[in-house]
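Trainee: Once you've had a glance at the structure underneath, I'll fire off some questions.
The values are calculated or read from the model by the stated rules, or taken from the named source; none is laboratory data. Model, not experiment: these values are computed from the prediction. Counting neighbours? That spans all protein chains shown, and the Cβs are built from the backbone with ideal geometry, glycine included. The area values use the complete protein model at the heavy-atom level, side chains included, leaving out ligands, DNA and RNA. Shrake-Rupley method; radii C 1.70, N 1.55, O 1.52, S 1.80 Å.
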Amino acid sequence: MNDKSDFNKIVYIIIAVLFVVIIFIAVSVALKNNRELKNNEEESTIVFETATEKEVSTNEAQISEIKEGNLPSLQELSEAGLENVMQTSKINQQFNLYNYEIKDGEIIYSYLANAVTNGERLYVRAKQMTEDEYNNMLPANDVQTGNIDNVTVVFNNRNVYYVREGLDLPEYIKKSVDDGKIVVRYDDNSIGELLPMQQMMWYNNGIGYTLESIRRSYNYEDMLKLTEDFFNASK
């Protein structure tokens, strides 16, 4: 009888120990998840602030050192439905056309001031679309509007995240994308780089445009002046 009682006690002890171990594991997992969540939030804040606090490069030439590139032919533009696109091979004296790419009905003009850069880029993106499609493309918050030649232009200051296609986005990036604070661009040479980006957007003659500056700290007035220069050069 005593043997049976002792056996029962051992069983109860084992069950109690297992129960304590399970509780300990559950608490440990919960604490770990909480720490990871906190770290992700801190990382998001740190990276986001780093991206938005980049200083304007002091090494960019004021007169472009790049040979002025050739614009696309009318045939290329027509095939993309962009025969009426606004375009120029030079934006003021600082930026010359480096190259262009036509893909999925969109043309992207790339402009440079220097042959060697610290990642600074200037792009003009243009794509045929309806006005509703253009309006859906605009950021929902934190925008400033202006007017150039009776065309409404919309400025925003956010960030661009370059990542290789197929890689999972960090949770804080996903949240910032949903909040309209980050735009994701896919680049085979990047595994995850967050950079400041200023954009000026407008709609004209069935085409949506975006002039965007990467890795600079241009403000609304800077981008408005740059867009005015583009308008004037495109005439």
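Trainee: Each residue of the range 186-201 in order: what ³J(HN,Hα) in whole Hz does its phi give by Karplus 6.51 cos²θ - 1.76 cosθ + 1.60, θ = phi - 60°, with x for Gly and Pro?
Mentor: Listing the rounded values in order: 9, 9, 5, 9, 10, 10, x, 9, 9, 10, x, 8, 10, 10, 10, 10 Hz.
Trainee: Here is a further query. By the scheme Lys and Arg +1, Asp and Glu -1, what is the net charge of all other residues having a beta-carbon under 9 Å from that of Leu97? All intermediate terms of the calculation are to be shown ahead of the outcome.
Mentor: Values: positive: Lys90; negative: Glu68.
So the environment of Leu97 carries a net charge of 0.
Trainee: Given Lys67/Lys225; Lys90/Lys175; Lys175/Lys235; Lys127/Lys174; Lys103/Lys181, which pairs have Cα atoms separated by over 31 Å?
Mentor: Numbers: Lys67/Lys225 23 Å; Lys90/Lys175 37 Å; Lys175/Lys235 41 Å; Lys127/Lys174 25 Å; Lys103/Lys181 25 Å.
Over 31 Å Cα-Cα: Lys90/Lys175; Lys175/Lys235.
Trainee: Related question: Using the Kirkwood radius over C-alpha pairs as Rh, can you work out the diffusion coefficient of the range 104-207 via Stokes-Einstein at 20 °C, viscosity 1.002 mPa s, in µm² per second? Present the calculation step by step, with values, prior to reporting the outcome.
Mentor: Numbers: Rh = 15.5 Å.
Stokes-Einstein gives a translational diffusion coefficient of 139 µm²/s.
Trainee: So which GluC sites (Glu not before Pro) in the range 55-131 end up in coil per DSSP with only 10 or fewer other C-beta atoms within 10 Å? Write down the numbers at each step before the final one.
Mentor: Values: sites: Glu55, Glu60, Glu65, Glu68, Glu76, Glu79, Glu83, Glu101, Glu106, Glu120, Glu131; in loops: Glu55, Glu60, Glu65, Glu68, Glu83, Glu120.
Passing sites in the range 55-131 are Glu55.
Trainee: Quote the relative contact order of the range 51-177 in percent (integer), defining contacts as alpha-carbon pairs under 8 Å separated by 6+ residues. Please report the intermediate quantities before stating the final value.
Mentor: Values: 145 pairs, mean separation 24.6, N = 127.
Contact order relative to length: 19 percent.
Trainee: Now a separate question. Using the Cα centre of the range 54-187 as origin and beta-carbon charges of +1 (Lys, Arg) and -1 (Asp, Glu), tell me which of Ile173, Pro72, Gln128 is placed farthest towards the positive end of the dipole.
Mentor: Ile173
Trainee: Right, another one. Please compute one quarter of the surface area of the Cα convex hull for the range 159-235 and express it in square nanometres.
Mentor: Values: hull surface 26.2 nm².
For the Cα atoms of the range 159-235, the hull's average projected area reads 6.5 nm².
Trainee: Ignoring ligands, DNA and RNA, what percent of the 1.4 Å accessible area of the range 140-196 is carbon and sulfur? Please list the in-between numbers first.
Mentor: Working: 1350 of 3440 Å².
Roughly 39 percent, rounded to a whole number.
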